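For reference, the structure is listed below as C-alpha cells.
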C-alpha cells in the first residue's frame, strides 16, 4: 500500500475517533485529505468502501448510525471506548512469560504480530521485564497456515488446503476439512477436524500444509463435537499408546536409551540384562531397538522378533553400491 | 488486504508507544518494533502530516526530536493503543500455550495467569478451547528447570549425559550459554569443559544434572559462536552421506537437516553432513529395511556388517515361518 493511502487511512481513523457524532460519507469526503483526489463519485465510493473494509479487518470498531431520526443517510464513527485497549497490569512473572512467548515464533508474520502486541501492552501500562538472553523456546515454523487455520477454527468455517502426506507419494493433495481446533505438541502444530472427503476425523500437521489455506462457506457452519478431546486425537495420531510389553536382552552397560524407558531391569550373570519395555506399535519398537545392533536382542513378542530380524536381513542383504 | 496489514497497525501502535515512552532514541524505537531505523524515520515523517480535521498547526500531531531522541505530542486521539488485533492476540496466546508444553522452562502458574488476562483483553477473538496444548514433555521438568536456573544465574552444571552414537554415559562439566527448544526437544548450548569447546546437549539425554557452586566461565568468542539456532552446525570436513528413503522413511527429510532432498521413483534421496561415523551406522540400523545408505561406501558396508552381527544373536530360523 502506498504511503498516501496509509496517510489517508490514518487521518480517517483520527477523524472518526475525534467525532462524537456520526459523519456521513459525503462529509468525510470533504474533510479527510486524500479523498479529494478521487476523480469521480464512483471512484470515491469505491475507495471509501475499501477503506472501511480495511479498518474493520484491522479490528477497528467502525460504527454505523444516524444522529437523529430525521437523518436518512447513515454516518460513521469510532467509539473510543471500544477502540482502546483497556489499561492492563501484569505481575513481573506474567510479564516474563509473555516476553518469552513473543520470542517463540520463527515466521516473520507471527513474529511481527507478537512484537506489535507487546508494544501495545507496554503502551497500555504493562511493564515488561528484561529476559535473560539464554532462553530461546521455539515453535515450528508453519508459514501462512497457522493464522489462516486459527481464523477458520475461530469463525467455524470450512477450510480447503493442499496437504503433503508424510508417507505418501509426496504430491500434495487437496483436502476439505471442518476445522475443530489446533494443538501444539512437542513444538509442532496440528489441526484436528473432520475430513469431508474421507468422512472421518483427521489430524494434520501444519508444516505439511502447502500454501495458504482458504476458508469457504459461511461462518458458524462448523460445529465442534461435544466432549471433543483435541490433545487425545493428536497423541494417538503421533504414536500408538503403549499397550503391550516387550522383553529385551541388553548387554550390560549398553542400551542406555532403552533402559530409561524400561519398567523393569533384571541384571543377569552372563553379562546381559533383561528389560521390560512398554510399546504401542511393533514397527516403532523395531525403530527403537535396531540402532543398538548386536547389543540388544528382542525376546518377546514373536512378531517384534520377526519384524526386527526381517529388517536386519534386508539391511544385511543390501548390495554394495 | 495487502500492505496495510503491517503499516497502519504499526503506526497505530507506534504513536501510543512513543507517547508513553518519551525521549527514546530512534534506534531503540526501531529495535522495539523490529524494523530498521530508516523505516521508523519514514513512519515519523508520515505521522507528522496527520492529525485532526483542519490539519492546521494545532491539529497535526507533533513529532519532537531532541538530538537523536524522539517524543510526540498533540496525538491524544490515538494515544491509546488499539485493542489487540486477532493475529496479535493469537501470536501471544498460542505461543504462551506452546510454552506450557515445556514444563520447567517457565512457571506454569504465571503462564496461566498471563493467558487469562490476554484472553480477556482479546475480547473473544481467540478462544482458549480452540488452541490446545498436549502437555507431553520429552524431558523431565526438573531437569529443564535446573538447567534454566543455571543458565540464567550463570552457574556451572555437572551432567551425566548419554551419547547415543556410542551408547555410553559420560560425565562432564558445562558452563551454560543458552537453552533453546526445537521440534519439542530442549537443548542446552554450553562450553563443555571436558573438550574445551562449544557443545549442544539434548536434555532428554541428560541422566543427571546438578548446579555447581561455581560461576560459569565462557570464553567471549565461544559465546558469539554459540548464537546459531541450528541444532547441528555442519563443518566443512564432515562427511556427506547419501540416503535413499522409502516412503516409510520420508520423515527423515523433515527431522534431520539435509543438504539436498530429491524425489525419486521409490521415495526420496537425501544428503546430509555427519561428523561421526558411529552416528551414521546407528541411523542406518534404525532405518534398516526402510532406507539405505548409498554413500560413502565404507559407511554403507559398516552398517551391513553391524546388521549381520546383530542377526547372529537370533536363531537362524528366527523370523521365518
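Take the residues in the range A:202-236 that are assigned to a loop (DSSP other than H, G, I, E, B) and closer than 23 Å to residue A:173 by Cβ, then tell me which one is nearest to the chain's Cα centre (by Cα).
This residue is A:222.
Out of (1) more than 12 Å from chain A (Cβ to nearest Cβ); (2) more than 24 Å from residue B:84 (Cα to Cα); (3) exposed (fewer than 14 other Cβ atoms within 10 Å of the Cβ), the odd one out for residue B:70 is which?
Exception for residue B:70: condition (3).
What tally of residues in the range A:139-152 results from selecting those that are in contact with a helix residue (DSSP H, G or I) (Cβ under 9 Å, 6 or more places away or on another chain) and modelled with pLDDT of 75 or more? Step through it out loud before you land on a result.
Applying the first criterion (in contact with a helix residue (DSSP H, G or I) (Cβ under 9 Å, 6 or more places away or on another chain)) to the range A:139-152 yields A:139-147, A:149-151.
The next check asks that each one be modelled with pLDDT of 75 or more; those that pass are A:139, A:144-147, A:149-151.
Going through the range A:139-152 one residue at a time, the tally reaches 8.
Taking residue A:274, is it touching a strand residue (DSSP E or B) at 6+ places or on another chain (Cβ under 9 Å) and surrounded by fewer than 17 Cβ atoms within 10 Å (Cβ to Cβ)?
Answer is yes for this residue.
From the residues in the range B:18-32 that are in contact (Cβ under 8 Å) with a residue 24 or more places away in the chain and more than 8 Å from every other protein chain (Cβ to nearest Cβ), which one is nearest to residue B:78 (Cα to Cα)?
Selected residue: B:18.
Considering each residue of the range A:102-111, count those that are surrounded by 13 or more Cβ atoms within 10 Å (Cβ to Cβ) and part of a helix (DSSP H, G or I), and give that number.
Going through the range A:102-111 one residue at a time, the tally reaches 4.
In the set A:289, A:250, which member is assigned to a strand (DSSP E or B), buried (at least 19 other Cβ atoms within 10 Å of the Cβ) and in contact (Cβ under 8 Å) with a residue 24 or more places away in the chain?
A:250
Condition check ((1) outside any loop (DSSP other than H, G, I, E, B); (2) crowded, with 17+ Cβ neighbours inside 10 Å; (3) at the interface with another protein chain (Cβ under 7 Å from one of its Cβ atoms)) across all residues:
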residue	(1), (2), (3)
A:72	no, no, no
A:77	yes, yes, no
A:82	yes, no, no
A:87	no, no, no
A:90	no, yes, yes
A:93	yes, no, yes
A:100	yes, yes, yes
A:113	yes, yes, yes
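Looking for something farther than 22 Å from residue A:99 by Cβ, facing chain A (nearest Cβ under 7 Å) and within 25 Å of the chain's Cα centre (by Cα) - is there at least one such residue anywhere in the range B:82-94?
no
Being part of a loop (DSSP other than H, G, I, E, B), modelled with pLDDT under 85, touching a strand residue (DSSP E or B) at 6+ places or on another chain (Cβ under 7 Å) and not assigned by TED's automatic domain parsing to the domain that holds residue B:183: is that true of residue B:257 here?
The answer is yes for residue B:257.
Filter the range B:286-319 for residues that are at the interface with chain A (Cβ under 7 Å from one of its Cβ atoms), surrounded by 22 or more Cβ atoms within 10 Å (Cβ to Cβ), within 18 Å of residue B:252 (Cβ to Cβ) and in contact (Cβ under 8 Å) with a residue 24 or more places away in the chain and give the result.
Within the range B:286-319, just B:292 meets the criteria.
If we only count strands (runs of 3 or more DSSP E) wholly inside the range B:187-247, which ones have 3 or more residues that are outside the structural domain of residue B:158 (by TED's automatic domain parsing) and at pLDDT 85 or above?
B:239-246
State the number of residues belonging to the range A:10-35 that are within 18 Å of residue A:74 (Cα to Cα), facing chain B (nearest Cβ under 10 Å) and not in a helix (DSSP H, G or I).
The qualifying residues number 3.
What do you reckon, is residue A:260 under 22 Å from residue A:185 (Cα atoms) and not assigned by TED's automatic domain parsing to the domain that holds residue A:155?
yes
If residue B:122 satisfies every condition in (1) under 18 Å from residue A:87 (Cβ atoms); (2) more than 8 Å from chain A (Cβ to nearest Cβ); (3) touching a helix residue (DSSP H, G or I) at 6+ places or on another chain (Cβ under 8 Å); (4) surrounded by fewer than 22 Cβ atoms within 10 Å (Cβ to Cβ) but one, which is the exception?
For residue B:122, the failing item is (4).
Take the residues of the range A:300-312 that are touching a strand residue (DSSP E or B) at 6+ places or on another chain (Cβ under 7 Å) and surrounded by 15 or more Cβ atoms within 10 Å (Cβ to Cβ): which is nearest to the other protein chains (Cβ to nearest Cβ)? Steps first, answer last, please.
Taking the range A:300-312 as the starting set, the residues that turn out to be touching a strand residue (DSSP E or B) at 6+ places or on another chain (Cβ under 7 Å) are A:300-301, A:304-305, A:308.
When the remaining residues are screened for being surrounded by 15 or more Cβ atoms within 10 Å (Cβ to Cβ), the result is A:301, A:304-305, A:308.
On the way: A:301: 12, A:304: 10, A:305: 6, A:308: 8 Å.
Across the range A:300-312, the extreme among qualifying residues is A:305.
Residues in the range A:125-161 that are in a strand (DSSP E or B) and more than 8 Å from chain B (Cβ to nearest Cβ): how many?
Within the range A:125-161, the subset in a strand (DSSP E or B) is A:135-136, A:158-161.
Adding the requirement that they be more than 8 Å from chain B (Cβ to nearest Cβ) leaves A:158-161.
Qualifying residue count, the range A:125-161: 4.
Looking at the structure I just gave you, is residue B:132 at the interface with chain A (Cβ under 8 Å from one of its Cβ atoms), free of Cβ contacts under 8 Å to residues at least 40 places away in the same chain and surrounded by 15 or more Cβ atoms within 10 Å (Cβ to Cβ)? Even if it seems obvious, please write down each step before you answer.
Numbers: at the interface with chain A (Cβ under 8 Å from one of its Cβ atoms): yes; free of Cβ contacts under 8 Å to residues at least 40 places away in the same chain: yes; surrounded by 15 or more Cβ atoms within 10 Å (Cβ to Cβ): yes.
Here the answer is yes, as residue B:132 does meet what is asked.
Taking residue A:261 as meeting all but one of (1) buried (at least 16 other Cβ atoms within 10 Å of the Cβ); (2) more than 30 Å from residue A:175 (Cα to Cα); (3) modelled with pLDDT under 85, write down the number of the exception.
Here residue A:261 meets the rest and fails (1).
Give just the number: which of (1) surrounded by 17 or more Cβ atoms within 10 Å (Cβ to Cβ); (2) farther than 25 Å from residue A:185 by Cα does residue B:211 not satisfy?
Condition not satisfied by residue B:211: (1).
Among B:15, B:35, B:49, which is the only one that is out of contact with any helix residue (DSSP H, G or I) (no Cβ under 7 Å at 6 or more places or on another chain) and within 12 Å of chain A (Cβ to nearest Cβ)?
Answer to the check: B:35.
Before we move on, is residue B:283 crowded, with 21+ Cβ neighbours inside 10 Å and within 11 Å of another protein chain (Cβ to nearest Cβ)?
In short, yes.
The values are calculated or read from the model by the stated rules, or taken from the named source; none is laboratory data. Because the structure is predicted, anything quoted here is derived from the model rather than measured. All Cβ positions, glycine included, derive from the backbone under ideal geometry; neighbour counts span all protein chains shown.
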